[in-house]
Structures are given as C-alpha cells and as structure tokens.
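Comments concern the structure below.
The values are calculated or read from the model by the stated rules, or taken from the named source; none is laboratory data. All figures in this text were calculated on a predicted structure; none of them were measured in a lab. Backbone-built Cβ (ideal geometry, glycine too); neighbour counts: all protein chains shown. The protein model used for the area step is the full one, side chains on, heavy atoms only, and it has no ligands, DNA or RNA in it. Shrake-Rupley method; radii C 1.70, N 1.55, O 1.52, S 1.80 Å.
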Amino acid sequence: MNFAPAPRRNRVARSVCPHDCPSTCGLEVELKDGSTIGRIHGSALNTYTAGVICAKVARYAERVHHPNRLARPLQRVGAKGAGEFRTISWDDALDLTAAAFRAAAARDGTEAVWPYYYAGTMGLVQRDGINRLRYVMRYSGEQTTICSTLARGGWRAGAGEDRGVDPREMADSDLIVIWGTNAVHTQVNVMTHAARARKGNGAKIVVVDPYRNATAEAADIHLALRPGSDGALACAVMHVLFRDGYADWDYLRRYTDVPDELARHVAERPPAWAAAITGLDVAEIEAFAKLYGTTKRSFLRLGYGFSRSRNGAANMHAASCLPAVTGAWKHKGGGAFFVNSAIYHWDSTFVQGYDRRDPSIRSLDMSRIGPVLTGDKGDLGRGPPVTAMLVQNTNPAVVAPESHLVQQGLGREDLFLCVHEQFMTETAKFADIVLPATTFLEHDDVYLGGGHQYIQIGPKVIEPFAEARSNHEVHCALAKRLGAEHPAFGMSAMELIDYSLKASGWPDAATVLDAGGHDCQPDFATAHFLNGFPNPDGKFHFAPDWSRIGPDHAVMPRLPDHLAVIEAPSAEHPFRLVTAPARSFLNTTFNETPSGIAREGRPQAKIHPDDLAALGLKAGDAVRLGNRRGNVVVHAEPFGGLQRGVVVFEGLWPNAAFVEGIGINCLVGADAAPPAGGAAFHDTAIWIRPA
Ligand SMILES: Nc1nc2c(c(=O)[nH]1)N[C@H]1C(S)=C(S)[C@@H](COP(=O)(O)OP(=O)(O)OC[C@H]3O[C@@H](n4cnc5c(=O)[nH]c(N)nc54)[C@H](O)[C@@H]3O)O[C@H]1N2
Ligand SMILES: Nc1nc2c(c(=O)[nH]1)N[C@H]1C(S)=C(S)[C@@H](COP(=O)(O)OP(=O)(O)OC[C@H]3O[C@@H](n4cnc5c(=O)[nH]c(N)nc54)[C@H](O)[C@@H]3O)O[C@H]1N2
Ligand code: SF4
Ligand SMILES: [Mo]
C-alpha cells in the first residue's frame, strides 16, 4: 500500500509523529528523494495539530540522517558496557539472540526471558508487537508503569474512564488552568488552543507548577506550589467554592456521589491549612478559587507532571474534583481533560497476541528494572532471575529510577541483552547484540492521539537507512527462529494495521490514509459526561473505590486530601528535587542532535538565589546533589521562579554528560507509588553541597 501525497505541495508526504508525546502531531514531510527528507511541518488536516509542531521534530532531518545512526547489527567483543562491538549479519544476530533466549528458557523456564519495551515509538504495531512474542513464548510480562499509571489511576478514580472534554474546546474557554504540565516543552499544541481562547475570549491562563517554567512564563497567573502538594491546593479551592456559594448543588446532587460529605470534609481544609502545605499565600489561593468559581467556561488541562509523586494519584483525583463541584462540565469550553485513550475501541488482540496470554505468568514492574535485574526477591517472586532480554523503544540505563542498580543489572555477566535501537544509547552499550532500527519515516504504523481524538496512519515514506529493520520485522524473524506461532507473524505491518482497524469497527487502512486520519471525537453530551460518568452508579466519585485502581489502596484517602507520603524534606535532606523535561530533548530521544545539545547547554540545577547564598555558592558553581541512593555533580543556576527548598533539574541527559558517569536518576527512588505503582520522578529529597 502506498502513501497518499498531501495536496497542494509537491514532494511532501503525510506522516505522524511517533514520539512519546500527547500531541501525536499530523505531519507533512518534505522529501528530497526516496531516502532523504527536508523540513517537517505540522499538518492542517489534523485540527488539533493545526499546522504547529515542536522545533525538535521540524528539524527531524538532523536525527534521521544523523551520522551516528546504527547501520548494521553488532556483536559485543569487549567487556559488558564498554561499547566495543564488531559488525555481524542480521541472520547471525537473530540466530544468536534466539539461541540465547532458548538457552535461558531451558535453564530456568520461560520467565527468565523479559522482553522490555516502552513508547519510544507510539505506533501500535511497532510498539506493542513485542507483546505477541512475549505471550506466545510465555516470557515474563511487563507492567508498564513508568509514565502514566499514577495519572491514569487518579483520573479514573473520579471520572471512571480516561477521557474528557474535546481538547479543541479549550478555544471556547474563559479560563484555562494548565496543571502540572510544562506544555510549552512537552505538548506544544496545548498552547495553540490556549492562545485561541486568549485571543477570542480574553481567556485567563493559570499555571500550577513548582517552577516558573516556559508555560508559566506565558500565563497570567502562576501558582508556584511545593511539589507534591496539589491535593492540598485542590481541597482549599473546594473549601472556598462551597463556602462562597460557587458550588452547583443541582449538579452535585445529580452527578456526584457524596457531595454533602465532601462539603463537610473540605470545610476543615481552608486556604490557611493549604498555605502551610503548598507554601502559597492564602490570598493567592483565595483569588484562584474565586476566579475558578466565578468562571463557568473553565477548562482544566491536567498533565502528567504533577502525578509523578508518591501521592500523585491522590493529587490527580483531587484536582479532577473541581469541575464536579462547580458543574463546569455542563458548559462548552468547561470541564477537564487529561487524556483520551478511552474514546478509542482499538482491538489490539491480534497485534499484541492477547489471545495467547496466560495470566498466571509473572509480570515485572518496568520502573523497577534496577531492583529486578539485581535480583530483588520481592520483584522476582517465585520466578527465576532474568537472564535474557530484548529491549525496544526505551533507554532504561538513563530513564529508569535508581540508575546505579539499572547499570549494575544491565552489566551482569549472566544476562544476555539484545537491544534494538536507532542509536548507540547507553542501554545499547550494555548489549551483547545490537540491532539497527528504522525510524517512523522508514516503516508503516498506526497511531491513536492521547491528547486529541484522531486515528492516523504514518506510512513508510523513505527507504530504511542502511540495514535498519523495523520492530515488526524483528518480532517476526525471532518468532520464526523460536517456533512462535501466531497468524500476525505472517502479516506485513500494513496488513496488521488494516486487519486491526477493521476488527475495531473503523474504516480500513486505505480510507484512513486517504482522509489523512479518522476523527473519533464523541458527541458533546458524552464528552462532558452529561449522560452520566462511566462508573457503576453513573456518578463522579469524590470517594473513589481505590481498590478498583490498584492493589496498594489501603493508604489512599477516602476523600480528596493531602496524602502525606511524599519524600518530605529533613535536616539531612533539606531540598526537594523535580526532574522536569527539557524542551529540546524528548526523554533521551534527541540527546544526539547537535541543535538540541547546543540549546540545552549542560546539566544544571535551578536553585533559589537565597538557598544558593546560604550554601555559600554562586552561579555556575559545580554542586553535588545527593541522598542515600547516590549523588551527581551539576552546575548551579540561580533561579527565582520557585520556592526556597525546591530544586529543578531539566532534561534527561545521558549519564556520560555527568562528571562521574551517572545521571540524575541515581537520586530517584524505584519504590512503587500507590495504589497501582509508578515512578515518583519529581518526588526526591536531597542535600546540596559544593562539588
Ligand atoms: N520536550 C519534551 N517533550 C516531552 C517530553 C520531554 O522529555 N521533553 N516527555 C514526553 C513524555 S514521555 C511525557 S509523559 C510528557 C509529559 O509531559 P508533562 O505532562 O508536561 O509532565 P512532566 O514532563 O513530568 O512535567 C511537567 C511539569 O510538571 C511539573 N511538576 C512536577 N511536580 C509537580 C507537582 O507536584 N505539582 C505540579 N502542579 N506540577 C509539578 C514540573 O515542574 C514540570 O514543569 O511529555 C512528553 N513530551
Ligand atoms: N528523571 C526523570 N526520568 C524520567 C522522566 C522524568 O520526567 N524525569 N520521565 C519518564 C517518562 S514519562 C517516560 S515515558 C520515560 C521514557 O523513557 P524512554 O521510553 O526510555 O524514552 P526515550 O529516552 O525517548 O527512549 C526511547 C528510545 O526508543 C528508540 N526508538 C524510537 N523509535 C523506535 C523504533 O521504532 N524502534 C526501536 N527499536 N527503537 C525506537 C529511540 O531511539 C530512543 O532511544 O522516562 C521516564 N524517566
Ligand atoms: S509536539 Fe510532540 S507530537 Fe508534535 S511533533 Fe513535537 S514531539 Fe511530535
Ligand atoms: Mo512519559
């Protein structure tokens, strides 16, 4: 099947951004020839993208044609992790990998093999197909907790399903609250629609974030709270809403579970109580609550960032309660949005091989890859140690918590590691076999927008670089060698896309390609939950049944609250560290592009000038950030846009960018946050010393 050229321009191909970003932009790719691209533009066909994309993908030519792209399969020749390899053939590389998997399974059982993946591509065939190999071969499962588990759990606890108001409706709002997402960096399209609201309706923009990030710079009001205190802020706002008559009691009685109990509960959580926890002024909280209470068309754009604390699920739930108190859900441009996964009825049985899944096989927590690979009994359970892995679309040596344990684990002599990558990442450096991977421009895939509502197909638009092969090709080739049987291993990626679209009750691949996407937006009443919330009683839950969300539910509060389970500052660890995203890196993707590195400069910690002075330090000084897990050396950047005691470090820099070869995640804990797990990347108590 061929791609359909976009109208009007010559030598422009339609595509979709595959990266792990809620925006899932529709793209127009300038083609220089069959294997070279020029600039990438945002598509106008996707009305959420609306022609705007981020700078890093506009300059994608820099990445896809980078001189360091992996060209051929490699076999390790030096010591583990030393990064010394020799070129081998694809057949040899696949044979060696299959033999190692067979040997591990023969020795310790199939659970000794752990296929490990994440969302380096969000394409459903290339990303999720690894699960088909897993389930057919009875390899260990993976709990995909590293990103959205906390946020999703918190949202679902109240609203029931991962969906909300049409994100384009933001343009109809009078008040947009961008809560715990640095949208200017991480999902630029939020700003496109917020700007429309500001221009069209004079909408006010409020940002709730511990630091004056690029999004806060663009806002009218910035609430610079302490990390992990959003539950307290939300409770105090609700206190004012009930106290001052902004609660919509007709709405509350019809659409919510325990409004009277909630009103009594938040009556005891006034702004003064929240001020002590959040570090905000009482006046700031009062003013925000009044603005929210008096604006019917108020839109909460809830991000992932504020869920990356041990109390993150509770905080997401608490914030999501606000529109249920004011009844903002009733109005166009009112309500809340976090993510849209539940609007899609994508049938992934075939792609993922769910038909072969045996639930009795153990499933390991991806965020705990450090403890898992270093033999933590609590993680391994009654199963064997992990002795063979295939890693695709992720770079755990850098991105996972407790990175010293991750490095120790990946470096184990008795672990066979195959990494399928576009670049020689720090994870790939630990590999026994490295396989070169295609980029999204070199293979077919289908994408569901998390931050919008389109299904889009991104077809292959240029020839694969050198010997690079797609994930799907690797799954099929390994399946053949391992004797894994499933009809999907005999299909091409586009056949799988077509089959799955039809199985899901959607138009086929040719139709979706031709139209440049398929809009799945539910009608207004459904999107605004006016026919009820998708909970058993049809109501929004202020008092969620947390046992439905995750096993570790006993600690969760009955009603929205400040859940005091964060890593509190102490005499030993007086600072709280937030490890936020950089603009020019996407996790560790783009770490290799020269323009991105130039823009980001060097690893720096934003520290309040008064804290710096108290430590006897000045701008640019080398400082050591540490705790009981580890320590790293970075440069100090005096920054007034946060509270004293808060430190922000932007960017997932390679470990090699740090003096001692270990990066920021050596400070972050791998303990699973309640109730369903998830890494608390922005919840770390540290000390600071001169380096
Ligand atoms: N340029 C760029 N884009 C990206 C990424 C990237 O690394 N770089 N990552 C991609 C991925 S994988 C994802 S999941 C998304 C995530 O995108 P976001 O939803 O934006 O989430 P985060 O990137 O974790 O953090 C965003 C903000 O959360 C704030 N924050 C931290 N703790 C708290 C808190 O307790 N309360 C509040 N209110 N705010 C808090 C941080 O200060 C930061 O400004 O972005 C994607 N897009
Ligand atoms: N300190 C700190 N750590 C964090 C976070 C944070 O905010 N702070 N954020 C966390 C979050 S939200 C996430 S989602 C994780 C993300 O962490 P990762 O999933 O590891 O994301 P990336 O670092 O972007 O790595 C993706 C890799 O996939 C490769 N890739 C892309 N497409 C393909 C493909 O088609 N095939 C193959 N084989 N490979 C491909 C890319 O080259 C890249 O190396 O990081 C987490 N880590
Ligand atoms: S904003 Fe996100 S989805 Fe859009 S092009 Fe950039 S990385 Fe891709
Ligand atoms: Mo993520």
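Of all the listed residues (THR349, THR387), the sole one being among the β-branched types (Val, Ile, Thr) and under 14 Å from LEU410 (Cβ atoms) is THR387.
Just one of the listed residues (LYS56, LYS80) is touching a residue at least 24 places away in the same chain (Cβ under 8 Å), surrounded by 15 or more Cβ atoms within 10 Å (Cβ to Cβ) and in a loop (DSSP other than H, G, I, E, B), namely LYS80.
The residues of region 131-154 that are among the small types (Gly, Ala, Ser), part of a loop (DSSP other than H, G, I, E, B) and closer than 25 Å to PHE533 by Cβ amount to a single one, SER148.
Residues checked against (1) under 33 Å from the mean Cα position of the chain (by Cα); (2) among the β-branched types (Val, Ile, Thr); (3) within 20 Å of GLU592 (Cα to Cα):
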{"position": "ALA61", "(1), (2), (3)": "yes, no, yes"}
{"position": "GLU84", "(1), (2), (3)": "yes, no, yes"}
{"position": "SER89", "(1), (2), (3)": "no, no, no"}
{"position": "ASP92", "(1), (2), (3)": "no, no, no"}
{"position": "ALA104", "(1), (2), (3)": "yes, no, no"}
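Selection within region 132-175: residues that are under 30 Å from ALA203 (Cβ atoms) and in contact with a Leu (Cβ under 8 Å, 6 or more places away or on another chain). The member of this set that is nearest to ligand 3 (Cβ to nearest atom) is ALA151. Filtering THR87, THR97 for residues that are modelled with pLDDT of 95 or more, in the same structural domain as ALA428 (by TED's automatic domain parsing) and more than 13 Å from PHE416 (Cα to Cα) leaves a single hit, THR87.
Restricting ALA676, ALA670, ALA605 to those that are open to solvent by less than 10 Å² (accessible area, probe 1.4 Å), on the phi < 0 side of the Ramachandran plot and assigned to a loop (DSSP other than H, G, I, E, B) reduces the list to ALA670.
Candidates ALA342, ALA313, ALA324: the one that is aliphatic (A, V, I, L, M), over 24 Å from ASP108 (Cβ atoms) and surrounded by fewer than 24 Cβ atoms within 10 Å (Cβ to Cβ) is ALA342. In region 18-37, the residues that are assigned by TED's automatic domain parsing to the domain that holds GLN422 form no Cβ pair under 6 Å with any partner that is within 16 Å of ligand 4 (Cβ to nearest atom) and at pLDDT below 95, whether six or more places apart or across chains. In region 108-148, the qualifying residues are those that are open to solvent by less than 30 Å² (accessible area, probe 1.4 Å) and among the polar types (S, T, N, Q), and the one that is farthest from LEU586 (Cα to Cα) is SER140. For GLU592, the stated conditions hold: it is in a loop (DSSP other than H, G, I, E, B), within 16 Å of ligand 2 (Cβ to nearest atom) and surrounded by fewer than 21 Cβ atoms within 10 Å (Cβ to Cβ). For LYS606, the requirement of being at pLDDT 95 or above, within 26 Å of ASN655 (Cα to Cα) and more than 16 Å from ligand 1 (Cβ to nearest atom) is not met.
Filtered by the rule that a residue be within 23 Å of the chain's Cα centre (by Cα), open to solvent by less than 10 Å² (accessible area, probe 1.4 Å) and among the hydrophobic types (A, V, I, L, M, F, W, C), region 198-215 gives VAL206, VAL207, VAL208. Put simply, of LEU74, LEU45, LEU94 the only residue that is within 24 Å of GLN453 (Cα to Cα) and in contact with a helix residue (DSSP H, G or I) (Cβ under 9 Å, 6 or more places away or on another chain) is LEU45. Among residues that are more than 16 Å from ligand 3 (Cβ to nearest atom) and touching a strand residue (DSSP E or B) at 6+ places or on another chain (Cβ under 8 Å), LEU530 is not included.
Just for region 99-122: of the residues that are outside any helix (DSSP H, G or I) and within 30 Å of ARG548 (Cβ to Cβ), which one is nearest to ligand 2 (Cβ to nearest atom)? Once the filter is applied, the top-ranked residue is TYR118. One residue stands out in region 180-197 among those that are open to solvent by less than 20 Å² (accessible area, probe 1.4 Å) and away from ligand 2 (no atom under 16 Å from the Cβ): the one that is farthest from GLY451 (Cα to Cα), namely ALA197.
Hey, among ARG168, ARG134, which residue is modelled with pLDDT of 95 or more, more than 16 Å from ligand 4 (Cβ to nearest atom) and closer than 20 Å to GLN453 by Cα? Just one listed residue meets the conditions, ARG168.
In region 424-453, which residue that is open to solvent by 10 Å² or more (accessible area, probe 1.4 Å) and over 30 Å from VAL512 (Cα atoms) is nearest to ligand 2 (Cβ to nearest atom)? Only one residue tops the list, namely THR425. Could you tell me which numbered condition ALA157 fails, if it satisfies all but one of (1) part of a helix (DSSP H, G or I); (2) open to solvent by less than 20 Å² (accessible area, probe 1.4 Å); (3) over 24 Å from ALA679 (Cβ atoms)? Status for ALA157: all satisfied but (3). Look at region 300-313: where a residue is in the same structural domain as THR181 (by TED's automatic domain parsing) and a partner is charged (D, E, K, R), sitting 6+ places away or on another chain with Cβ atoms under 6 Å, you get PHE306/ASP230; SER309/ASP683; ARG310/ASP683. Being open to solvent by 20 Å² or more (accessible area, probe 1.4 Å), in contact with a Gly (Cβ under 6 Å, 6 or more places away or on another chain) and of a type outside the set (Val, Ile, Thr) holds for only one residue in ARG357, ARG297, and it is ARG297.
Output the number of residues of region 529-577 satisfying the condition of being within 16 Å of ligand 1 (Cβ to nearest atom), open to solvent by 10 Å² or more (accessible area, probe 1.4 Å) and either outside any loop (DSSP other than H, G, I, E, B) or under 30 Å from TYR251 (Cα atoms) (or both). So the count comes out to 5. The condition of being part of a helix (DSSP H, G or I), open to solvent by less than 30 Å² (accessible area, probe 1.4 Å) and under 20 Å from ALA314 (Cβ atoms) does not hold for ILE277. Just give me the residues in region 640-688 being over 19 Å from the mean Cα position of the chain (by Cα) and within 19 Å of GLY180 (Cβ to Cβ), in sequence order. GLY641, LEU642, GLN643, GLY645, VAL646, VAL647 - these are the residues of region 640-688 that are over 19 Å from the mean Cα position of the chain (by Cα) and within 19 Å of GLY180 (Cβ to Cβ).
Just checking, does region 491-499 include any residue being in contact with an Asp or Glu (Cβ under 9 Å, 6 or more places away or on another chain), among the β-branched types (Val, Ile, Thr) and in a helix (DSSP H, G or I)? Within region 491-499, one or more residues are in contact with an Asp or Glu (Cβ under 9 Å, 6 or more places away or on another chain), among the β-branched types (Val, Ile, Thr) and in a helix (DSSP H, G or I).
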